[in-house]
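To keep things clear, I will list the structure first and then write my remarks on it.
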Amino acid sequence: MSSTEPNSLHHAIPVEKIKYDAQGLVPAIVQDYLDGTVLMMAWMNRESLQKTLETGETWFWSRSRQEFWHKGATSGHIQKVHSIRYDCDSDALLIGVEQIGDVACHTGERSCFHQVEGQIVAPPGDTLSQLFQVICDRRDRPTENSYTCQLFAGGDNKILKKIGEETAEVVMAFKDDDADAIAGEVADLLYHTLVALAHHKVDVKDVYRKLQKRRR
Ligand SMILES: N=c1c2ncn([C@@H]3O[C@H](COP(=O)(O)OP(=O)(O)OP(=O)(O)O)[C@@H](O)[C@H]3O)c2ncn1[C@@H]1O[C@H](COP(=O)(O)O)[C@@H](O)[C@H]1O
């Protein structure tokens with residue numbers, strides 16, 4: 001995938017290079033720019049891609065209505081475009097967006113994609129976002145025999161003590177230069193940090209936002 005960032009959207013995507021099908025369309029997969037959650041898939045044509053590049057918001061081509069679809073124009077739930085990538089043979093687009101107004105797929109759900117029956121149940125998003133969602137679910141709907149629920153029940157005293165312990169274990173693992181132990185201890189520290197974030201109602205995506213802003 002080739003990519004471009006928001007301030008250079010217009011220059012970096014060669015609209016003419018994109019391969020459109022016989023109907024003049026190219027599939028566009030829309031992802032949350034922070035955690036990669038796949039939100040929706042829709043179609044663009046040359047003009048809607050051009051409008052997307054010019055406005056920094058998503059414009060699609062509605063095959064059923066045969067007209068432009070400026071996502072969120074009526075609801076206010078627009079998709080602010082952060083990146084556009086195209087695949088190696090230029091016939092698919094991957095668009096990283098920020099959801100303005102909470103929802104961004106066709107129907108207004110967090111993501112259009114539903115679990116296929118019988119498959120492993122995992123929330124959308126990257127590994128940390130998925131774990132954070134499970135942790136928040138434990139906070140909001142406590143279950144028996146859950147270590148996470150025990151941490152929440154113990155409050156800051158228990159959670160922050162564990163962060164202190166895990167930090168020391170991370171340091172020791174690095175000191176020992178043991179790759180497997182390092183990965184395991186860092187995983188423990190990340191998990192307990194996510195529990196602390198959930199306890200203080202700070203979204204892990206706010207951490208991602210900070211990191212994105214620092215990107216050079
Ligand atoms: N990712 C984790 C995770 N990482 C680490 N841990 C726990 O963190 C603890 C690490 O503490 P230590 O290294 O000190 O080990 P310990 O001696 O067993 O811990 P203590 O007895 O001192 O509490 C262990 O009990 C681990 O099981 C985790 N516990 C839960 N999760 C995930 O959290 C989600 C909710 O799980 P439940 O808490 O089981 O509902 C699930 O997705 C789990 O996979």
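The values are calculated or read from the model by the stated rules, or taken from the named source; none is laboratory data. Quick caveat: nothing in here was measured; it's all calculated off a predicted structure. Glycine also receives a Cβ, built like all others from the backbone with ideal geometry; neighbour counts cover every protein chain displayed. All accessible areas refer to the heavy atoms of the entire protein, side chains included, with ligands and DNA or RNA removed. Shrake-Rupley method; radii C 1.70, N 1.55, O 1.52, S 1.80 Å.
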**Report entry** Percent accessible area from carbon and sulfur atoms, the chain, protein chains only, probe 1.4 Å
**Finding:** 53
Report summary line: quick note, the chain, DSSP beta bridge pairs, % antiparallel (nearest 5) is 80
Requested in this report: Among Tyr191, Tyr147, Tyr20, determine the one that fluctuates most according to a GNM of the chain built with springs between C-alpha atoms less than 10 Å apart.
Outcome: Tyr147
Query - Which of His77, Ile29, Ala198, positive extreme of dipole for the chain (C-beta unit charges) - result: His77
Report task. Compute the semi-axes of the equivalent ellipsoid of the chain, taking the square root of 5 times each eigenvalue of the Cα gyration tensor, and list them largest first in whole Å. Result -> 40, 20, 15
Requested in this report: With a Förster radius of 30 Å, plug the Cβ-Cβ distance of Cys88 and Arg139 into 1/(1 + (r/R0)^6) and report the FRET value to the nearest 0.05.
Outcome: 0.10
**Report entry** Between 0 and 90°, nearest 10: helix 147-176 axis offset from the chain longest Cα axis
**Finding:** 90
**Report entry** Residue (of Met41, Leu131, Ala153) at the positive-pole extreme of the chain, dipole from beta-carbon charges
**Finding:** Met41
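If R₀ is 45 angstrom, what is the calculated FRET efficiency for the pair Ser146 and Thr74, using the beta carbon separation as r and rounding to 0.05?
The value I calculate is 0.60.
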Query raised in the report: Mind checking the angle between helix 204-214 and the chain's longest principal axis? C-alpha axes, 0 to 90 degrees, to the nearest 10.
Result: 70
Report summary line: Counting only residues 5 or more apart in sequence or on a different chain, those whose built amide H sits under 5 Å from that of Trp61 are Trp43, Met44, Asn45, Trp69
Report summary line: In degrees rounded to 10, the 0-90 angle between helix 179-199 Cα long axis and the longest Cα principal axis of the chain is 80
Query raised in the report: Residues with amide H under 5 Å of Gln31's amide H, sequence separation 5 or more or different chain, H placed in the peptide plane at 1.01 Å from N; which?
Result: Leu39, Ile95, Gly96, Val97
Query raised in the report: For the chain, with only Lys/Arg (+1) and Asp/Glu (-1) charged at the beta-carbon, what is the dipole magnitude about the Cα centre, in debye rounded to 20?
Result: 800
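If segment 120-196 were replaced by its equivalent ellipsoid, with semi-axes equal to the square roots of 5 times the Cα gyration tensor eigenvalues, what would those be, largest first, whole Å? It would help to have the intermediate numbers written out before the result.
Numbers: eigenvalues 113, 57, 15 Å².
Those come to 24, 17, 9 Å.
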Query raised in the report: Once label points are set 7 Å from the Cα along Cα→Cβ at both Ile163 and Ser62, what is their separation, rounded to one decimal in nm?
Result: 4.7
Query raised in the report: By average Cβ neighbour count within 10 Å, what is the ranking of 36-45, 60-69 from highest down?
Result: 36-45, 60-69
Query - Accessible solvent surface per residue of the chain, calculated while the other protein chains remain in place, 1.4 angstrom probe, Å² - result: 59
